[in-house]
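Report on the following structure.
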Amino acid sequence: MITNLGDKFSTLFQKYMPNAFVFAMLLTLIIGLNALIWLGSTPLKIIQSWYDGFWSLLEFGMQIVLIIITGFSIALSPNVKNGIDNLTKYIKTPKQVYFFVMLIGALLALISFGWIVITCVLARELAIRIKGINYPLLVACVYFTTGSWVCGLSSSIPLLLGTKNNYLIEAGILSNTIPSSVTLGSGLNIVMIFLYAIIGPIMILFLIPKSTKGKEINDMLESKTLKKEVSIKDEAINQNLPFKSLSDNLNNGIILQAIIVIMGFTYIIFHFYTNGFQLDFNIMIFIFLVVGMLLHKTPMRFVIAMKRSSKNISGILFQYPFYAGIMGIMLYTGLGEKLAEFLASVATVNTYPFYAFITGGLANFAIPSAGGEFAVIGPSIINAVKDIGAGLPANQITAMISRASISIAYGESLTNALQPFYLLLVFPIMGNGIKIQARDVMGYLVIPFIVFFIIQSMLVTLMPL
(Lines give C-alpha, C1' and ligand atoms only; values in the text may rest on other atoms or scores of the structure.)
Protein backbone atom coordinates (compact mmCIF):
# COMPACT_ATOMS: atom_id res chain seq x y z
CA MET A 1 0.00 0.00 0.00
CA ILE A 2 2.80 2.41 0.92
CA THR A 3 4.64 1.61 -2.32
CA ASN A 4 1.49 2.21 -4.39
CA LEU A 5 0.88 5.49 -2.57
CA GLY A 6 4.43 6.58 -3.37
CA ASP A 7 3.86 5.76 -7.04
CA LYS A 8 0.66 7.82 -7.04
CA PHE A 9 2.43 10.84 -5.54
CA SER A 10 5.16 10.46 -8.15
CA THR A 11 2.57 10.42 -10.95
CA LEU A 12 0.82 13.50 -9.53
CA PHE A 13 4.04 15.48 -9.34
CA GLN A 14 5.00 14.47 -12.87
CA LYS A 15 1.61 15.65 -14.09
CA TYR A 16 1.30 18.93 -12.22
CA MET A 17 4.73 20.13 -11.05
CA PRO A 18 6.37 22.49 -13.55
CA ASN A 19 10.05 22.98 -14.24
CA ALA A 20 12.07 24.26 -11.25
CA PHE A 21 12.46 27.68 -12.90
CA VAL A 22 8.71 27.97 -13.48
CA PHE A 23 8.22 26.97 -9.82
CA ALA A 24 10.50 29.85 -8.78
CA MET A 25 8.54 32.35 -10.90
CA LEU A 26 5.19 31.14 -9.52
CA LEU A 27 6.54 31.37 -5.98
CA THR A 28 7.70 34.94 -6.69
CA LEU A 29 4.16 35.94 -7.65
CA ILE A 30 2.60 34.13 -4.67
CA ILE A 31 4.91 35.83 -2.16
CA GLY A 32 4.38 39.18 -3.89
CA LEU A 33 0.59 38.79 -3.67
CA ASN A 34 0.86 37.95 0.03
CA ALA A 35 2.81 41.15 0.65
CA LEU A 36 0.22 43.08 -1.37
CA ILE A 37 -2.84 41.64 0.39
CA TRP A 38 -1.59 41.01 3.94
CA LEU A 39 0.67 44.05 4.42
CA GLY A 40 -0.84 46.46 1.92
CA SER A 41 2.53 46.98 0.23
CA THR A 42 2.36 48.80 -3.06
CA PRO A 43 3.23 46.92 -6.27
CA LEU A 44 6.22 49.22 -6.76
CA LYS A 45 7.49 48.52 -3.21
CA ILE A 46 7.20 44.77 -3.86
CA ILE A 47 9.07 45.05 -7.16
CA GLN A 48 11.77 47.20 -5.57
CA SER A 49 12.15 44.67 -2.75
CA TRP A 50 12.36 41.88 -5.33
CA TYR A 51 15.13 43.69 -7.20
CA ASP A 52 17.02 44.65 -4.03
CA GLY A 53 17.10 41.03 -2.98
CA PHE A 54 17.88 39.70 -6.45
CA TRP A 55 21.64 39.93 -5.97
CA SER A 56 21.89 38.93 -2.31
CA LEU A 57 22.71 35.27 -2.99
CA LEU A 58 25.49 35.87 -5.51
CA GLU A 59 28.21 34.89 -3.02
CA PHE A 60 26.21 31.90 -1.86
CA GLY A 61 25.48 30.87 -5.46
CA MET A 62 29.16 31.05 -6.37
CA GLN A 63 30.01 28.98 -3.30
CA ILE A 64 27.50 26.33 -4.38
CA VAL A 65 28.94 26.27 -7.91
CA LEU A 66 32.46 25.84 -6.57
CA ILE A 67 31.50 23.18 -4.03
CA ILE A 68 29.89 21.17 -6.83
CA ILE A 69 32.65 21.40 -9.42
CA THR A 70 35.54 20.99 -6.98
CA GLY A 71 33.82 18.04 -5.32
CA PHE A 72 32.94 16.50 -8.68
CA SER A 73 36.52 16.92 -9.87
CA ILE A 74 37.67 14.78 -6.93
CA ALA A 75 35.14 12.14 -7.93
CA LEU A 76 36.61 12.05 -11.45
CA SER A 77 40.03 11.05 -10.12
CA PRO A 78 41.30 7.47 -10.63
CA ASN A 79 41.56 6.99 -6.85
CA VAL A 80 37.84 7.60 -6.28
CA LYS A 81 36.88 5.47 -9.28
CA ASN A 82 38.90 2.56 -7.89
CA GLY A 83 37.31 3.04 -4.47
CA ILE A 84 33.80 2.89 -5.93
CA ASP A 85 34.73 -0.18 -7.98
CA ASN A 86 35.84 -1.90 -4.78
CA LEU A 87 32.67 -0.82 -2.99
CA THR A 88 30.43 -2.46 -5.58
CA LYS A 89 31.91 -5.82 -4.62
CA TYR A 90 29.93 -5.56 -1.37
CA ILE A 91 26.84 -3.67 -2.57
CA LYS A 92 25.08 -5.85 -5.13
CA THR A 93 21.30 -5.30 -4.90
CA PRO A 94 19.04 -2.24 -5.36
CA LYS A 95 17.84 -2.44 -1.74
CA GLN A 96 21.42 -2.29 -0.54
CA VAL A 97 22.06 0.71 -2.78
CA TYR A 98 19.08 2.70 -1.46
CA PHE A 99 19.91 1.89 2.18
CA PHE A 100 23.62 2.57 1.82
CA VAL A 101 23.13 5.86 -0.05
CA MET A 102 20.67 7.11 2.58
CA LEU A 103 23.01 6.15 5.42
CA ILE A 104 26.22 7.53 3.91
CA GLY A 105 24.48 10.66 2.65
CA ALA A 106 23.09 11.45 6.10
CA LEU A 107 26.47 10.90 7.75
CA LEU A 108 28.32 13.03 5.20
CA ALA A 109 25.79 15.86 5.53
CA LEU A 110 26.45 15.90 9.27
CA ILE A 111 30.00 16.97 8.46
CA SER A 112 29.12 19.51 5.79
CA PHE A 113 26.18 20.33 3.55
CA GLY A 114 28.65 20.57 0.67
CA TRP A 115 29.52 16.89 0.93
CA ILE A 116 26.30 16.09 -0.90
CA VAL A 117 28.44 16.03 -4.06
CA ILE A 118 30.20 12.93 -2.77
CA THR A 119 26.85 11.20 -2.18
CA CYS A 120 25.73 12.22 -5.68
CA VAL A 121 28.78 10.70 -7.35
CA LEU A 122 28.55 7.51 -5.32
CA ALA A 123 24.83 7.08 -6.04
CA ARG A 124 25.23 7.69 -9.78
CA GLU A 125 28.10 5.24 -10.09
CA LEU A 126 26.19 2.56 -8.17
CA ALA A 127 23.18 3.09 -10.44
CA ILE A 128 25.40 2.53 -13.49
CA ARG A 129 26.89 -0.66 -12.10
CA ILE A 130 23.84 -2.31 -10.47
CA LYS A 131 20.69 -3.11 -12.45
CA GLY A 132 17.13 -2.71 -11.20
CA ILE A 133 17.52 0.71 -9.54
CA ASN A 134 14.74 3.27 -9.86
CA TYR A 135 16.91 6.26 -10.67
CA PRO A 136 14.45 9.08 -9.77
CA LEU A 137 13.91 7.38 -6.39
CA LEU A 138 17.67 7.20 -5.90
CA VAL A 139 17.97 10.93 -6.67
CA ALA A 140 15.23 11.53 -4.09
CA CYS A 141 17.19 9.46 -1.56
CA VAL A 142 20.28 11.60 -2.10
CA TYR A 143 18.27 14.82 -1.84
CA PHE A 144 16.47 13.77 1.35
CA THR A 145 19.71 12.89 3.15
CA THR A 146 20.80 16.54 3.07
CA GLY A 147 18.24 17.20 5.82
CA SER A 148 20.65 15.92 8.43
CA TRP A 149 22.98 18.88 7.89
CA VAL A 150 21.06 21.01 10.43
CA CYS A 151 22.02 18.48 13.10
CA GLY A 152 25.71 18.58 12.22
CA LEU A 153 28.91 20.55 12.33
CA SER A 154 27.98 23.13 9.68
CA SER A 155 24.47 23.93 10.94
CA SER A 156 24.31 27.69 10.51
CA ILE A 157 21.76 28.64 13.19
CA PRO A 158 23.49 26.88 16.14
CA LEU A 159 26.85 28.19 14.90
CA LEU A 160 25.43 31.72 14.80
CA LEU A 161 24.11 31.45 18.36
CA GLY A 162 27.57 30.40 19.53
CA THR A 163 29.40 33.21 17.70
CA LYS A 164 30.70 36.07 19.82
CA ASN A 165 29.17 39.49 19.18
CA ASN A 166 26.68 38.09 16.64
CA TYR A 167 23.97 40.41 15.33
CA LEU A 168 21.42 39.13 17.88
CA ILE A 169 23.72 40.19 20.74
CA GLU A 170 24.52 43.52 19.08
CA ALA A 171 20.78 44.18 18.71
CA GLY A 172 20.15 43.35 22.36
CA ILE A 173 17.96 40.35 21.53
CA LEU A 174 20.41 37.99 23.24
CA SER A 175 22.66 38.90 26.14
CA ASN A 176 25.16 36.08 25.71
CA THR A 177 26.20 33.41 23.24
CA ILE A 178 24.58 29.99 23.41
CA PRO A 179 27.22 27.24 23.14
CA SER A 180 26.74 24.47 20.59
CA SER A 181 26.72 21.94 23.44
CA VAL A 182 23.25 23.27 24.30
CA THR A 183 21.97 23.02 20.72
CA LEU A 184 23.92 20.51 18.63
CA GLY A 185 24.93 18.53 21.72
CA SER A 186 21.41 18.32 23.13
CA GLY A 187 19.52 15.05 23.53
CA LEU A 188 16.92 16.35 21.07
CA ASN A 189 19.53 16.85 18.38
CA ILE A 190 21.10 13.42 18.99
CA VAL A 191 17.70 11.82 18.42
CA MET A 192 17.30 13.85 15.20
CA ILE A 193 20.64 12.48 13.98
CA PHE A 194 19.40 8.95 14.73
CA LEU A 195 16.22 9.73 12.80
CA TYR A 196 18.11 10.66 9.63
CA ALA A 197 20.90 8.08 9.87
CA ILE A 198 18.89 5.02 10.95
CA ILE A 199 15.13 5.52 10.54
CA GLY A 200 15.49 7.22 7.14
CA PRO A 201 17.40 4.36 5.47
CA ILE A 202 14.98 1.79 6.93
CA MET A 203 11.96 3.84 5.84
CA ILE A 204 13.10 3.99 2.22
CA LEU A 205 13.04 0.19 1.98
CA PHE A 206 9.23 0.34 2.28
CA LEU A 207 8.94 2.86 -0.57
CA ILE A 208 10.78 0.97 -3.32
CA PRO A 209 8.49 0.60 -6.36
CA LYS A 210 7.93 -2.93 -7.62
CA SER A 211 8.68 -1.98 -11.22
CA THR A 212 11.62 0.01 -12.54
CA LYS A 213 10.46 -0.07 -16.15
CA GLY A 214 11.65 3.09 -17.88
CA LYS A 215 13.19 4.42 -14.64
CA GLU A 216 16.67 2.89 -14.68
CA ILE A 217 19.58 5.15 -15.56
CA ASN A 218 20.10 3.50 -18.95
CA ASP A 219 16.43 4.17 -19.81
CA MET A 220 16.77 7.87 -19.03
CA LEU A 221 19.91 8.69 -20.99
CA GLU A 222 19.67 11.52 -23.50
CA SER A 223 21.66 9.33 -25.88
CA LYS A 224 21.32 5.56 -26.18
CA THR A 225 24.36 4.72 -24.10
CA LEU A 226 26.54 6.34 -21.48
CA LYS A 227 29.30 8.14 -23.26
CA LYS A 228 32.68 6.68 -22.46
CA GLU A 229 34.90 9.70 -22.43
CA VAL A 230 38.60 9.54 -23.03
CA SER A 231 40.35 9.32 -19.68
CA ILE A 232 41.53 12.62 -18.22
CA LYS A 233 45.12 11.44 -18.38
CA ASP A 234 44.84 10.54 -22.09
CA GLU A 235 43.10 13.82 -22.95
CA ALA A 236 45.90 15.73 -21.24
CA ILE A 237 48.52 13.82 -23.24
CA ASN A 238 46.60 14.36 -26.50
CA GLN A 239 46.87 18.13 -26.05
CA ASN A 240 50.68 18.04 -26.15
CA LEU A 241 52.54 19.49 -29.08
CA PRO A 242 54.21 17.01 -31.48
CA PHE A 243 57.58 18.22 -30.23
CA LYS A 244 59.06 18.88 -26.80
CA SER A 245 58.20 22.26 -25.31
CA LEU A 246 58.47 24.14 -22.04
CA SER A 247 54.73 24.82 -22.04
CA ASP A 248 53.88 21.08 -22.13
CA ASN A 249 56.40 20.40 -19.40
CA LEU A 250 54.71 22.98 -17.19
CA ASN A 251 51.20 21.80 -18.10
CA ASN A 252 51.94 18.15 -17.36
CA GLY A 253 54.57 18.43 -14.63
CA ILE A 254 53.81 17.59 -11.01
CA ILE A 255 56.32 19.83 -9.22
CA LEU A 256 54.50 23.16 -9.63
CA GLN A 257 51.16 21.69 -8.58
CA ALA A 258 52.79 19.85 -5.68
CA ILE A 259 54.12 23.15 -4.31
CA ILE A 260 50.65 24.71 -4.46
CA VAL A 261 49.16 21.61 -2.79
CA ILE A 262 51.69 21.85 0.06
CA MET A 263 50.80 25.53 0.51
CA GLY A 264 47.10 24.60 0.56
CA PHE A 265 47.46 21.85 3.15
CA THR A 266 49.61 24.15 5.28
CA TYR A 267 46.74 26.63 5.46
CA ILE A 268 44.15 23.89 6.09
CA ILE A 269 46.15 22.63 9.08
CA PHE A 270 46.56 26.21 10.31
CA HIS A 271 42.80 26.83 9.95
CA PHE A 272 41.78 23.84 12.05
CA TYR A 273 44.54 24.45 14.59
CA THR A 274 43.41 28.03 15.21
CA ASN A 275 39.61 27.58 14.78
CA GLY A 276 39.00 24.02 15.91
CA PHE A 277 36.92 21.73 13.72
CA GLN A 278 34.96 24.62 12.23
CA LEU A 279 33.58 24.07 8.75
CA ASP A 280 31.97 26.55 6.37
CA PHE A 281 31.56 26.65 2.61
CA ASN A 282 34.80 28.53 2.04
CA ILE A 283 37.08 26.10 3.84
CA MET A 284 35.21 23.13 2.29
CA ILE A 285 35.72 24.54 -1.20
CA PHE A 286 39.38 25.12 -0.44
CA ILE A 287 39.81 21.57 0.86
CA PHE A 288 38.08 20.11 -2.22
CA LEU A 289 40.25 22.29 -4.47
CA VAL A 290 43.53 21.23 -2.85
CA VAL A 291 42.56 17.55 -2.64
CA GLY A 292 41.49 17.62 -6.30
CA MET A 293 44.85 19.05 -7.32
CA LEU A 294 46.59 16.38 -5.27
CA LEU A 295 44.63 13.50 -6.82
CA HIS A 296 44.95 14.73 -10.43
CA LYS A 297 48.69 15.40 -9.99
CA THR A 298 49.24 17.76 -12.94
CA PRO A 299 47.75 21.16 -13.85
CA MET A 300 46.39 19.97 -17.20
CA ARG A 301 44.60 16.96 -15.72
CA PHE A 302 43.05 19.15 -13.04
CA VAL A 303 41.93 21.72 -15.63
CA ILE A 304 40.25 18.98 -17.69
CA ALA A 305 38.55 17.54 -14.59
CA MET A 306 37.20 20.98 -13.65
CA LYS A 307 35.97 21.55 -17.21
CA ARG A 308 34.08 18.26 -17.16
CA SER A 309 32.66 19.07 -13.72
CA SER A 310 31.29 22.42 -14.91
CA LYS A 311 29.08 21.16 -17.73
CA ASN A 312 25.71 21.15 -15.98
CA ILE A 313 25.57 24.08 -13.55
CA SER A 314 23.42 26.52 -15.56
CA GLY A 315 20.40 26.01 -13.28
CA ILE A 316 22.26 27.41 -10.30
CA LEU A 317 23.64 30.38 -12.21
CA PHE A 318 20.31 31.80 -13.32
CA GLN A 319 17.80 30.42 -10.77
CA TYR A 320 19.50 31.44 -7.53
CA PRO A 321 18.93 35.17 -8.20
CA PHE A 322 15.19 34.52 -8.51
CA TYR A 323 15.09 32.86 -5.09
CA ALA A 324 17.15 35.75 -3.76
CA GLY A 325 14.48 38.07 -5.17
CA ILE A 326 11.80 36.12 -3.28
CA MET A 327 13.91 36.49 -0.14
CA GLY A 328 14.10 40.23 -0.83
CA ILE A 329 10.30 40.49 -0.89
CA MET A 330 10.09 38.64 2.44
CA LEU A 331 12.78 40.80 4.00
CA TYR A 332 12.23 44.32 2.68
CA THR A 333 8.41 44.38 2.75
CA GLY A 334 8.39 42.98 6.29
CA LEU A 335 6.44 39.89 5.23
CA GLY A 336 8.87 37.47 6.90
CA GLU A 337 8.78 39.33 10.20
CA LYS A 338 4.99 39.54 10.03
CA LEU A 339 4.72 35.79 9.52
CA ALA A 340 6.96 35.13 12.53
CA GLU A 341 5.03 37.59 14.72
CA PHE A 342 1.70 36.04 13.75
CA LEU A 343 2.73 32.48 14.55
CA ALA A 344 4.56 33.53 17.71
CA SER A 345 1.48 35.39 18.94
CA VAL A 346 -0.53 32.16 19.21
CA ALA A 347 2.28 30.15 20.86
CA THR A 348 2.26 29.12 24.52
CA VAL A 349 4.90 27.77 26.87
CA ASN A 350 3.96 24.26 25.69
CA THR A 351 3.52 24.90 21.98
CA TYR A 352 6.21 27.45 21.09
CA PRO A 353 8.66 24.82 19.73
CA PHE A 354 6.01 23.50 17.36
CA TYR A 355 5.17 26.97 16.07
CA ALA A 356 8.88 27.72 15.63
CA PHE A 357 9.16 24.47 13.65
CA ILE A 358 6.18 25.45 11.45
CA THR A 359 7.49 29.00 10.96
CA GLY A 360 10.87 27.70 9.86
CA GLY A 361 9.22 25.34 7.39
CA LEU A 362 6.92 27.93 5.86
CA ALA A 363 9.58 30.63 5.59
CA ASN A 364 11.91 28.17 3.86
CA PHE A 365 9.76 28.20 0.73
CA ALA A 366 10.56 31.87 0.26
CA ILE A 367 13.99 32.06 1.92
CA PRO A 368 15.90 28.86 1.06
CA SER A 369 18.88 29.75 3.22
CA ALA A 370 18.89 28.85 6.92
CA GLY A 371 21.07 31.80 7.88
CA GLY A 372 19.08 34.26 5.78
CA GLU A 373 15.79 32.89 7.05
CA PHE A 374 16.84 33.11 10.69
CA ALA A 375 17.90 36.73 10.18
CA VAL A 376 14.31 37.48 9.08
CA ILE A 377 12.22 35.42 11.51
CA GLY A 378 14.67 34.62 14.34
CA PRO A 379 14.43 37.92 16.27
CA SER A 380 10.61 37.78 16.39
CA ILE A 381 10.59 34.15 17.54
CA ILE A 382 13.24 34.78 20.23
CA ASN A 383 11.44 37.86 21.56
CA ALA A 384 8.19 35.89 21.72
CA VAL A 385 9.93 33.09 23.64
CA LYS A 386 11.36 35.63 26.10
CA ASP A 387 7.87 37.04 26.67
CA ILE A 388 6.40 33.57 27.16
CA GLY A 389 9.14 32.68 29.65
CA ALA A 390 9.03 35.95 31.55
CA GLY A 391 9.73 35.32 35.23
CA LEU A 392 11.55 32.04 34.68
CA PRO A 393 15.24 31.60 35.62
CA ALA A 394 17.73 32.78 32.99
CA ASN A 395 18.99 29.27 32.28
CA GLN A 396 15.46 28.08 31.48
CA ILE A 397 14.89 30.98 29.09
CA THR A 398 18.20 30.17 27.39
CA ALA A 399 17.07 26.57 27.00
CA MET A 400 13.74 27.74 25.53
CA ILE A 401 15.52 30.01 23.04
CA SER A 402 17.84 27.15 22.05
CA ARG A 403 14.89 24.81 21.58
CA ALA A 404 12.99 27.33 19.46
CA SER A 405 16.05 28.11 17.34
CA ILE A 406 16.89 24.51 16.46
CA SER A 407 13.17 23.86 15.86
CA ILE A 408 13.30 26.58 13.20
CA ALA A 409 16.33 24.82 11.72
CA TYR A 410 14.58 21.43 11.63
CA GLY A 411 11.51 22.91 9.95
CA GLU A 412 13.63 24.82 7.45
CA SER A 413 15.52 21.69 6.47
CA LEU A 414 12.54 19.34 6.25
CA THR A 415 10.48 21.45 3.86
CA ASN A 416 13.28 21.27 1.30
CA ALA A 417 11.64 17.92 0.50
CA LEU A 418 8.65 19.83 -0.92
CA GLN A 419 10.48 22.40 -3.01
CA PRO A 420 13.19 21.87 -5.64
CA PHE A 421 15.64 24.66 -4.80
CA TYR A 422 18.48 22.47 -3.54
CA LEU A 423 17.91 19.86 -6.23
CA LEU A 424 20.01 22.30 -8.24
CA LEU A 425 22.96 20.91 -6.28
CA VAL A 426 22.09 17.33 -7.19
CA PHE A 427 21.24 17.59 -10.89
CA PRO A 428 24.61 18.85 -12.15
CA ILE A 429 26.04 15.46 -11.15
CA MET A 430 23.18 12.98 -11.07
CA GLY A 431 21.32 14.59 -13.99
CA ASN A 432 24.33 14.89 -16.30
CA GLY A 433 23.32 13.31 -19.62
CA ILE A 434 20.02 12.12 -18.10
CA LYS A 435 16.46 13.09 -19.05
CA ILE A 436 15.23 14.06 -15.60
CA GLN A 437 13.44 17.01 -14.03
CA ALA A 438 12.37 17.96 -10.51
CA ARG A 439 8.86 16.62 -11.20
CA ASP A 440 10.31 13.13 -11.71
CA VAL A 441 11.85 13.18 -8.23
CA MET A 442 9.66 15.24 -5.89
CA GLY A 443 6.76 12.79 -5.71
CA TYR A 444 8.96 10.22 -4.00
CA LEU A 445 9.65 12.70 -1.20
CA VAL A 446 6.05 13.24 -0.08
CA ILE A 447 5.75 10.18 2.16
CA PRO A 448 9.21 10.69 3.75
CA PHE A 449 8.19 14.30 4.40
CA ILE A 450 4.92 13.28 6.07
CA VAL A 451 6.61 10.63 8.23
CA PHE A 452 9.41 12.97 9.33
CA PHE A 453 7.00 15.86 9.87
CA ILE A 454 4.93 13.81 12.31
CA ILE A 455 7.97 12.47 14.16
CA GLN A 456 9.83 15.79 14.30
CA SER A 457 6.72 17.69 15.39
CA MET A 458 6.35 15.33 18.34
CA LEU A 459 10.05 15.48 19.20
CA VAL A 460 10.42 19.28 19.20
CA THR A 461 7.22 19.64 21.22
CA LEU A 462 7.52 16.83 23.75
CA MET A 463 11.13 15.73 24.12
CA PRO A 464 13.30 17.50 26.71
CA LEU A 465 16.20 19.46 25.26
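The values are calculated or read from the model by the stated rules, or taken from the named source; none is laboratory data. In this text, all values refer to a predicted model and were calculated from it rather than measured experimentally. Every residue, glycine among them, receives a Cβ derived from its backbone with ideal geometry; neighbour counts consider all protein chains shown. Note: areas computed on protein heavy atoms with side chains; ligands, DNA, RNA excluded. Shrake-Rupley method; radii C 1.70, N 1.55, O 1.52, S 1.80 Å.
Computed values, structure above
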quantity	calculated
Nonlocal amide H pairs with LEU221, under 5 Å, H built at 1.01 Å	LYS435
Sum of -39500 (n - 2.57) over DSSP H runs of 4+, divided by residues of the chain (222 nm, nearest 500)	-21500 deg cm²/dmol
Debye intensity ratio I(q)/I(0), log10, region 138-231, q values 0.14 Å⁻¹ (C-alpha model)	-0.73
Estimated FRET transfer efficiency (TYR267, SER310; beta-carbon r; R0 30 Å; 0.05)	0.80
ILE388 - accessible surface, heavy atoms, 1.4 Å probe, Å² rounded to 10	50 Å²
For region 103-112, Karplus couplings with θ = phi - 60° (6.51, -1.76, 1.60), whole Hz, Gly/Pro x	5, 5, x, 5, 5, 5, 5, 5, 7, 7
Proximal lysines to LYS311, defined as alpha-carbon separation beneath 17 angstrom and excluding residues fewer than eight positions away on the same chain	LYS227, LYS228, LYS435
Those aspartates and glutamates that a straight Cα-Cα span of less than 20 Å connects to LYS297, excepting residues fewer than 8 apart in one chain	GLU229, ASP234, GLU235, ASP248
Accessible solvent surface per residue of region 15-102, calculated while the other protein chains remain in place, 1.4 angstrom probe, Å²	56 Å²
Region 287-376 - Kirkwood radius from inverse mean 1/r over Cα pairs (Å)	16.3 Å
Label-point separation, ASN176 to ILE193 (7 Å along Cα→Cβ), nm	2.5 nm
Per residue Cα convex hull volume in Å³ - calculated over region 306-465	126 Å³
FRET efficiency for LYS92 and ILE259, using Cβ-Cβ distance with R0 set to 45 Å, rounded to 0.05	0.55
Shape box of region 30-123 [Cα atoms, principal axes, largest first, Å]	62, 27, 19
In degrees, nearest ten, helix 43-54 long axis to first principal axis of the chain (Cα)	40 degrees
Percentage of interatomic Cα-Cα distances in region 80-159 larger than 17 Å	43 percent
Rg(Cα) / (2.2 N^0.38 Å) computed for the chain, rounded to two decimals	1.02
Pair ASN240, ASN432: separation of 7 Å Cα→Cβ label points (nm)	2.6 nm
Heavy-atom SASA rank of ARG129, ARG308 (probe 1.4 Å, accessible area, largest first)	ARG129, ARG308
Nonlocal amide H pairs with GLY162, under 5 Å, H built at 1.01 Å	ILE178
Dipole axis of the chain (+1 Lys, Arg; -1 Asp, Glu on Cβ), positive-most option in SER402, ALA305, VAL349	ALA305
Neighbour-limited loop hits for trypsin sites (Lys or Arg not before Pro), region 355-449 (at most 15 other Cβ within 10 Å; DSSP other than H, G, I, E, B)	LYS435
Principal-axis tilt of helix 281-296 within the chain, Cα atoms, nearest 10 degrees	10 degrees
Reachable aspartates and glutamates, given that their alpha-carbon falls under 17 Å from the alpha-carbon of LYS213 and they are not under 8 places away in the same chain	ASP7, GLU222, ASP440
Shape parameters for region 194-339, alpha-carbon atoms, Rg then Dmax in Å	22.9, 70
Degrees between helix 299-309 axis and first principal axis of the chain (Cα, 0 to 90, nearest 10)	50 degrees
Point-charge dipole on Cβ atoms (K/R +1, D/E -1) for the chain, about Cα centre, debye to 20	1460 debye
